[in-house]
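Pasting in a structure now, in structure tokens, and then I'll have a few things to ask.
Any read-out appearing in this document is the output of simple, stated calculations on the displayed coordinates, not a laboratory observation. Note that the structure is predicted; figures quoted are calculated from it, not measured. Here Cβ is always computed from backbone atoms with ideal geometry, including for glycine, and neighbour counts include all displayed protein chains.
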Amino acid sequence: MKALIDQLEHRHEMSREEWITLLQARSPELEQELFSRARAVRRRYYGDRVFIRGLIEFTNHCKNDCYYCGLRRSNLHLQRYRLSRQEILACCREGYDLGYRTFVLQGGEDPAWTPDKIADLVAAIKAAHPDCAVTLSVGEQPRAVYQLWFDAGADRYLLRQETADNAHYHQLHPPELSPENRKHCLWDLKAIGYQVGCGFMVGSPGQTEAQLAEDMLFIRQLEPDMVGIGPFLPQHDTPFRDKPAGDLHLTLFLLGLLRLMLPNVLLPATTALATLDPKGRELGILAGANVCMPNLSPPGVRDKYALYDNKACTGDEAAQSRRSLERRMQAIGCQVVVDRGDHISL
Ligand code: 5AD
């Protein structure tokens with residue numbers, strides 16, 4: 001199996017079958033070998049620096065009905081909220097003072113936040129904080145809308161493909177959503193010039209190793225600047241409420257593989273990982289990740305952004321706990337830095 005890891009590290013193509021073989025061969029020994037190589041690769045490009053992003057969950061209204069997500073429109077138990085432009089700008093000011101130089105505006109696909117309003121918001125944030133990057137994560141849009149936001153100053157865009165396997169995509173989403181459009185959006189974003197992030201849930205219902213292999217092949221082809229992965233976690237008001245959560249070790253293994261496949265990728269240790277395990281952030285970093293995205297939303301709305309149950313959003317998941325995050329990262333040999341944390345090209 002080390003031969004396959006070598007192959008990956010030396011940027012050789014891997015076939016679907018080879019990916020499946022590698023995923024099936026996961027063992028504690030192979031994990032340790034992979035993680036130590038992944039850390040060495042990360043160090044080569046980013047040193048021991050960990051980038052932080054302030055995550056602002058600015059609306060939990062969503063017109064979509066994804067089977068896994070607590071924000072789905074059919075969830076009538078969720079108290080909906082929408083931050084105002086002024087509230088979002090106040091979050092950015094607070095975040096700036098805490099040392100954040102990237103703001104991630106994430107929300108459901110909320111028709112009340114029209115393309116023009118979002119463009120105006122992006123421009124206002126960039127005017128107030130010209131040394132900061134703005135990342136948008138608001139779903140599927142026509143190319144012209146992505147272009148409008150890019151022209152307003154948005155730097156990056158996060159849109160997980162969720163699963164690159166078309167049949168699996170349909171098991172997770174209602175018929176009006178299509179994997180073709182999802183992928184099309186990612187190519188549009190890249191063509192426009194965004195730093196692009198894709199990603200997938202690990203252990204989502206019905207997922208097989210062959211489908212994970214499909215995700216790795218797709219990511220290799222897209223060559224994104226960022227990849228966000230985290231375990232699937234059930235949410236009690238969704239059709240997947242009784243499905244088991246994704247596996248911690250598999251998630252970490254995939255983080256390590258992503259680091260080897262895309263050596264300079266920006267790779268977050270995600271909130272879902274931190275929710276699954278109290279040491280999730282550290283374990284993610286030790287597997288090759290180099291980004292943390294603490295929550296910068298106003299405390300009163302954090303529990304309403306209920307993607308999944310028990311979402312970690314207090315304590316060290318809060319942007320306000322930067323010092324504590326710093327200590328935790330130092331304890332594993334990493335430094336949290338005040339920096340935009342842009343993707344560096346090879
Ligand atoms: N478990 C884990 N991740 C989830 N997401 C949405 N719902 C869940 C869930 N139940 C992830 C999706 C989405 C991101 C914002 O949150 O991958 O892209």
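Putting +1 on Lys and Arg Cβ atoms and -1 on Asp and Glu Cβ atoms, find which of Ala167, Pro244, His129 reaches farthest to the positive end of the dipole of the range 99-252.
Of Ala167, Pro244, His129, it is His129.
Rounded, prolate or oblate: which one fits the range 171-229, using the alpha carbon gyration tensor with axes a ≥ b ≥ c (rounded when a/c is under 1.5, else prolate when a/b beats b/c, else oblate)? Provide the component values of the computation, followed by the final result.
Numbers: a/c = 2.21, a/b = 1.38, b/c = 1.61.
It comes out oblate by the Cα gyration axes.
Another question, then. If the reach is capped at under 23 angstrom between alpha carbons, list the lysines near Lys183, excluding any in the same chain fewer than eight residues apart.
Candidates past the 8-residue exclusion: Lys63.
Classify the range 141-181 as rounded, prolate or oblate from the Cα gyration tensor: take a ≥ b ≥ c as the square roots of its eigenvalues, call it rounded if a/c is under 1.5, otherwise prolate when a/b beats b/c and oblate if not. Don't jump to the answer; show the numbers that get you there.
Details: a/c = 4.00, a/b = 2.41, b/c = 1.66.
Since a/c reaches 1.5 and a/b is larger than b/c, the shape of the range 141-181 is classed as prolate.
Using only C-alpha atoms and all pairs of different ones, pull out the Kirkwood radius for the chain in Å with one decimal.
Values: mean 1/r = 0.0498 Å⁻¹.
It is 20.1 Å.
Output needed: percent of Cα pairs per 10 Å distance bin for the range 192-265, bins running from 0 to the one holding the longest distance.
18, 47, 26, 8, 0
Here is a follow-up. Using alpha carbons only, how many angstrom separate the centre of the range 31-96 from the centre of the range 317-346?
So the separation of the two Cα centres works out to 15 Å.
Taking amide H atoms as placed 1.01 Å from N in the peptide plane, list the residues 5 or more away in sequence, or in a different chain, whose amide H sits under 5 Å from that of Val104.
Gly54, Leu55, Ile56, Thr135
Can you sort Ser74, Ser27 so the residue with the fewest Cβ neighbours within 10 Å comes first? Spell out each step's value before the answer.
Values: Ser74 14, Ser27 11.
Sorted ascending by nearby Cβ count, the order is Ser27, Ser74.
Quick one: which residues, 5 or more positions from Val202 or on another chain, have an amide H under 5 Å from its amide H? H modelled 1.01 Å from N in the peptide plane, none for Pro or chain starts.
Amide H neighbours of Val202: Gly230, Phe232.
Taking the Cα centre of the range 233-299 as origin and charging only Cβ (+1 Lys, Arg; -1 Asp, Glu), how large is the dipole, in debye to the nearest 20?
On the way: 5 positive and 5 negative charges, 25 e Å.
For the range 233-299, the charge dipole is close to 120 debye.
Related question: Taking the Cα atoms of the range 72-161, what is the range of coordinates along each of the three principal axes, in descending order and whole Å?
Each principal axis gives a Cα extent; for the range 72-161 these are 39, 30, 24 Å.
Between rounded, prolate and oblate, where does the range 271-336 land on the alpha carbon gyration tensor, with a ≥ b ≥ c its root eigenvalues, rounded for a/c under 1.5, else prolate if a/b exceeds b/c?
Oblate shape, in that a/c is at least 1.5 and b/c is the bigger or equal ratio.
Find the all-direction average of the projected area of the Cα convex hull for the range 225-346, expressing the result in square nanometres with one decimal place.
Values: hull surface 32.3 nm².
Averaged projected area of the range 225-346's Cα convex hull equals 8.1 nm².
If you don't mind, there's one more thing I want to ask. Return the calculated 222 nm mean residue ellipticity for the chain, to the nearest 500 deg cm²/dmol, obtained by summing -39500 (n - 2.57) across DSSP H runs with n ≥ 4 and dividing by the residue count. Write down the numbers at each step before the final one.
Values: 14 runs with 150 residues, N = 346.
So the helix-based figure for the chain works out to -13000 deg cm²/dmol.
Follow-up. For the range 239-300, count all C-alpha to C-alpha pairs, find those more than 15 Å apart, and express that count as a whole percent of the total. It would help to have the intermediate numbers written out before the result.
Details: 1011 of 1891 pairs.
That tail contains 53 percent of the Cα-Cα pairs.
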